[in-house]
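The values are calculated or read from the model by the stated rules, or taken from the named source; none is laboratory data. Remember, predicted model here, so these are calculated numbers, not experimental data. With ideal geometry, Cβ positions are generated from the backbone for all residues, glycine too; neighbour counts draw on all protein chains shown. Note: areas computed on protein heavy atoms with side chains; ligands, DNA, RNA excluded. Shrake-Rupley method; radii C 1.70, N 1.55, O 1.52, S 1.80 Å.
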Amino acid sequence: MGSDRARNSYDPARRWRKVVAQQGRVTVEADDNEAWTIANEERREETLDVVGPTGTPDDGYRVDPDGSPAGLSVGPGTFYVGGLRHVTEGIVYGDQEEWLDRSDDPDWTEPDGRGVHGNALVWWWGREHEVGATEDPTLREVALGGPDTSQRERVVQRVKLFATEADDCSTALDKLADAWAEQGLWFDPDGMRLRSDATLAVDFTGPATAPDPCEPEAVGGYLGADNQLVRVQVSSWDAATGTGTLLWGVDNASFLYRVDVVDAQTLRLRSRPVDDFHQPQPGQAVEVLRCAARLGADEYVASATGEPFTLTSAYAPDTQRIALPGPVSAATADPNLTPAAFLRVWEEHLPFTPGTAVALGTTGLEVTLKTGGVAFHPGDHWLLAVRPATPTQVYPARFLDGPQSPDGPRLWAAPLAVVQWGDEKGTVLDDCRDPFDNLVDLTRRRGGGCCEVMLRPEDVQSTADLRAAVDKANGGSVCLRPGVYELDEPLRLGPGDEGLELAGCHGDVVFRVAEGSQQAFEHGMVLVFAHRVSIKGIRFAIPAAPAKMLQRAAAKMLGTDSLPGVVAEHLRDLVETVHTAIAVRAVHAHWLRVEACRFDFPETEGERLYGAAVHASGACRWLRIVDNLVVGEGHIGPRPAGAAQRRMLYGLLSVAGAAGNPDDEYGGGGPPLLDEA
């Protein structure tokens with residue numbers, strides 16, 4: 001809610017860097033507020049430069065659609081929007097603690113039962129709120145005997161749905177921007193801000209009577225006796241008639257009361273006005289507000305806008321009751337929908353027509369509202385400081401230079417995902433979030449280098465997509481975000497890929513074979529025929545593939561009829577059951593480095609398995625196998641000496657050797673067990 005301030009002195013056009021307090025000078029709260037605003041805006045802009053418009057470092061705000069909007073949830077984590085950091089422990093669409101006033105919000109889509117069909121853009125919305133002691137009593141310092149002190153500011157965040165026919169984020173966001181335009185807002189993608197089309201110009205009404213020829217010329221200006229911060233706020237807009245209403249009040253309309261709804265037209269104030277002068281009077285405007293967000297057991301943030309009334313009867317101090325000239329809405333009167341209600345005190349509730357000046361009571365001020373779009377957005381407000389000592393000035397002075405955009409509210413929006421609902425469970429068609437690495441993980445993963453190509457699992461539908469990324473890297477680095485990458489054929493790295501680094505980012509990066517494609521991986525999942533290739537941080541889910549070359553070689557031997565019967569029978573049995581399980585095969589590849597990888601070998605039932613994490617043949621000099629992990633059981637043939645300590649011996653990786661972290665160089669290549677002869 002609005003705070004009781006002297007003025008709003010922050011002006012981004014001035015580009016101030018700091019506020020400097022001077023010796024022996026009086027300071028007011030506006031100085032402190034401007035100092036904090038300068039620092040916070042500088043930090044927000046710097047974060048925007050570093051992170052970008054949006055991003056998540058921990059997979060935060062992941063959309064998980066259930067079979068209906070009611071079951072849609074957003075996962076816990078962190079989400080940067082417009083340079084501000086937001087966190088959540090998880091949000092369920094149909095039960096949002098920061099959207100308690102949703103029943104009469106035009107953005108609210110009532111959750112239906114299962115069987116909902118169609119696409120929707122799931123998007124994040126944030127609004128900046130000031131919160132005072134009336135909303136959160138814990139802010140009040142009881143040691144002072146009752147007066148409130150400073151207020152707090154927070155961003156209320158919500159997850160909203162927008163029905164669309166689009167199946168990608170960009171198209172869906174464009175459609176949503178068209179809907180925002182109908183509400184008087186336009187979307188700024190650079191800062192993820194929702195900005196208003198409305199403007200307000202300030203002028204003075206002039207002298208009420210003609211000047212006396214014998215007296216000095218009368219000059220129009222502010223006619224009030226007190227220093228004031230006047231708040232002007234759009235209350236409603238009727239597109240059919242092209243007219244709207246506004247509320248205006250002094251003291252930034254900061255007087256707010258928690259109320260009990262006695263009946264539809266009677267409210268009881270829970271606290272008394274500070275004095276008789278501040279008691280609501282007949283002819284004065286008030287606004288009944290619902291609660292927007294829950295802070296604690298019985299603490300709530302008041303809604304930004306509500307239902308305005310012009311009082312026709314006085315406040316009753318004995319009973320602390322106010323009689324309204326009309327009923328509040330059914331949602332406001334229902335304690336299940338509105339667990340807390342508030343009353344905000346204004347001066348007047350006035351109609352306005354765009355381009356026509358509206359006088360603000362007897363203050364001598366008049367305002368003119370215009371819009372560059374088709375509508376005004378309720379809640380848009382302007383703060384005008386006026387002083388009797390300088391009646392022809394308004395602060396900030398820019399209000400006299402020309403029409404000004406609203407001072408608030410500050411709104412942000414960001415797309416999360418495009419989802420499609422079916423009969424059982426929804427499907428994420430497009431994830432709109434942008435992940436990023438923190439500097440520690442990025443440095444650890446890259447060793448200070450850069451990625452020429454960054455891939456996500458959803459970018460890779462087949463080995464061809466991975467191969468295209470390798471081509472794009474042109475011997476540089478291909479970095480893989482955590483997730484599962486399915487291969488339908490081996491990834492072949494040839495002489496043109498010399499110097500390539502294939503690296504998994506922090507997290508679990510898994511290479512897995514697509515269902516039904518196992519037979520294509522007899523020679524391995526990644527085939528390296530290039531020098532200086534590096535493979536880091538990848539988990540290989542190695543498939544068992546029939547050893548067809550061994551079968552062909554055995555068939556040649558059996559075709560000679562020169563083998564003893566027992567040997568021939570054993571060879572036939574071996575050929576029918578032997579499979580290969582190879583992750584990386586290197587052929588004439590110098591300086592190959594395999595580091596921090598995990599090799600998961602398949603379980604076998606009756607088959608004989610030739611398993612090798614890295615199988616090298618030909619001239620493979622200066623091969624380095626560093627800090628890898630092997631998961632599996634069993635081995636074929638006699639275990640080589642030291643196999644439990646060394647993962648690789650002559651180009652072979654023993655399935656049984658899963659311990660140790662060797663960092664040895666191996667020259668030459670292993671025996672060409674799988675080479676056709």
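The single residue among Asp497, Asp508, Asp459, Asp488 that is without any contact (Cβ under 8 Å) to a residue 24 or more places away in the chain, out of contact with any His (no Cβ under 9 Å at 6 or more places or on another chain) and acidic (Asp, Glu) turns out to be Asp459.
Filtering the stretch 166-206 to residues that are open to solvent by less than 40 Å² (accessible area, probe 1.4 Å) and in a helix (DSSP H, G or I) leaves Cys169, Ala172, Leu173, Leu176, Ala177, Ala179, Trp180. Would you confirm, using the coordinates I've provided, whether Thr362 is more than 36 Å from the chain's Cα centre (by Cα) and either farther than 24 Å from Phe255 by Cβ or at pLDDT 95 or above (or both)? Criteria not met by Thr362. Go through the stretch 262-281 and give me each residue that's without any contact (Cβ under 8 Å) to a residue 60 or more places away in the chain, part of a loop (DSSP other than H, G, I, E, B) and under 22 Å from Arg140 (Cα atoms). Hits for the stretch 262-281 are Arg270, Arg272, Pro273, Val274, Asp275, Gln279. Meeting the requirement of 1 or more residues that are surrounded by fewer than 21 Cβ atoms within 10 Å (Cβ to Cβ) and touching a residue at least 40 places away in the same chain (Cβ under 8 Å), the strands (runs of 3 or more DSSP E) wholly within the stretch 297-381 are 307-310, 321-323, 348-352, 365-371. Out of curiosity, is Arg158 under 23 Å from Arg344 (Cα atoms) and either within 20 Å of the chain's Cα centre (by Cα) or open to solvent by 30 Å² or more (accessible area, probe 1.4 Å) (or both)? No; evaluated as a whole, the condition is false for this residue. Out of the stretch 248-305, which residues are under 21 Å from Glu348 (Cβ atoms) and among the small types (Gly, Ala, Ser)? Of everything in the stretch 248-305, those that are under 21 Å from Glu348 (Cβ atoms) and among the small types (Gly, Ala, Ser) turn out to be Gly249, Ala253, Ser254, Gly283, Ala285, Ala302, Ser303, Ala304. None of Ala163, Ala210 is more than 29 Å from the chain's Cα centre (by Cα), over 25 Å from Leu246 (Cα atoms), modelled with pLDDT under 95 and open to solvent by 30 Å² or more (accessible area, probe 1.4 Å) except Ala210. Strands (runs of 3 or more DSSP E) fully within the stretch 460-527 that include at least 2 residues being surrounded by 19 or more Cβ atoms within 10 Å (Cβ to Cβ), in contact with a Phe, Trp or Tyr (Cβ under 8 Å, 6 or more places away or on another chain) and not hydrophobic (A, V, I, L, M, F, W, C): none found. Sort out which residues of the stretch 233-254 are in a strand (DSSP E or B), polar (S, T, N, Q), within 35 Å of the chain's Cα centre (by Cα) and farther than 20 Å from Gly364 by Cα, and write them in order of number. Ser235, Ser236, listed by residue number. The set of residues in the stretch 4-44 that are touching a residue at least 60 places away in the same chain (Cβ under 8 Å) and either of a type in the set (Ser, Thr, Tyr) or in a loop (DSSP other than H, G, I, E, B) (or both) comprises Asp4, Arg5, Ala6, Arg7, Asn8, Ser9, Asp11.
Of all the residues in the stretch 121-160, those that are among the hydrophobic types (A, V, I, L, M, F, W, C) and closer than 19 Å to Ala293 by Cβ number 9. Reported count of residues in the stretch 448-472, each being modelled with pLDDT under 90 and small (Gly, Ala, Ser), is 2.
Pairs linking a residue in the stretch 469-481 that is at positive phi to a residue that is surrounded by 19 or more Cβ atoms within 10 Å (Cβ to Cβ) and part of a helix (DSSP H, G or I), with Cβ atoms under 8 Å and 6 or more positions apart or on different chains, are Gly475/Asp497. Of all the criteria given as (1) under 22 Å from Ala163 (Cα atoms); (2) more than 16 Å from the chain's Cα centre (by Cα), the one not satisfied by Glu42 is (1). Determine, yes or no, whether Glu569 is in a helix (DSSP H, G or I), modelled with pLDDT of 65 or more and open to solvent by 70 Å² or more (accessible area, probe 1.4 Å). Yes: the conditions hold for Glu569. Reported count of residues in the stretch 273-296, each being open to solvent by 10 Å² or more (accessible area, probe 1.4 Å) and among the hydrophobic types (A, V, I, L, M, F, W, C), is 3.
Arg152 meets all of the listed conditions (1) open to solvent by 30 Å² or more (accessible area, probe 1.4 Å); (2) within 25 Å of Thr427 (Cα to Cα) but one, namely (2). Applying the set (1) open to solvent by 70 Å² or more (accessible area, probe 1.4 Å); (2) under 23 Å from Val81 (Cβ atoms); (3) modelled with pLDDT of 85 or more to Leu429 leaves exactly one unmet item: (1). Within the stretch 77-89, residues that are in contact (Cβ under 8 Å) with a residue 12 or more places away in the chain and polar (S, T, N, Q) sit with their Cβ atoms under 7 Å from residues that are part of a loop (DSSP other than H, G, I, E, B) and crowded, with 19+ Cβ neighbours inside 10 Å, at 6+ positions apart or across chains, in these pairs: Thr78/Gly60; Thr88/Tyr61. The set of residues in the stretch 252-274 that are under 28 Å from Tyr395 (Cα atoms) and not hydroxyl-bearing (Ser, Thr, Tyr) comprises Asn252, Ala253, Phe255, Leu256, Val274.
Quick check on my filter: what residues within the stretch 150-188 are small (Gly, Ala, Ser), in contact with a strand residue (DSSP E or B) (Cβ under 6 Å, 6 or more places away or on another chain) and free of Cβ contacts under 8 Å to residues at least 24 places away in the same chain? Hit for the stretch 150-188 is Ala177, nothing else. Elements of the type strands (runs of 3 or more DSSP E) sitting completely within the stretch 576-661 and holding at least 3 residues that are aliphatic (A, V, I, L, M) and modelled with pLDDT of 75 or more: these cover 578-587, 608-617, 623-626, 629-631. What are the residues in the stretch 128-149 that are farther than 18 Å from Arg344 by Cα and of a type in the set (Gly, Ala, Ser), if any? The answer is Ala143, Gly145, Gly146.
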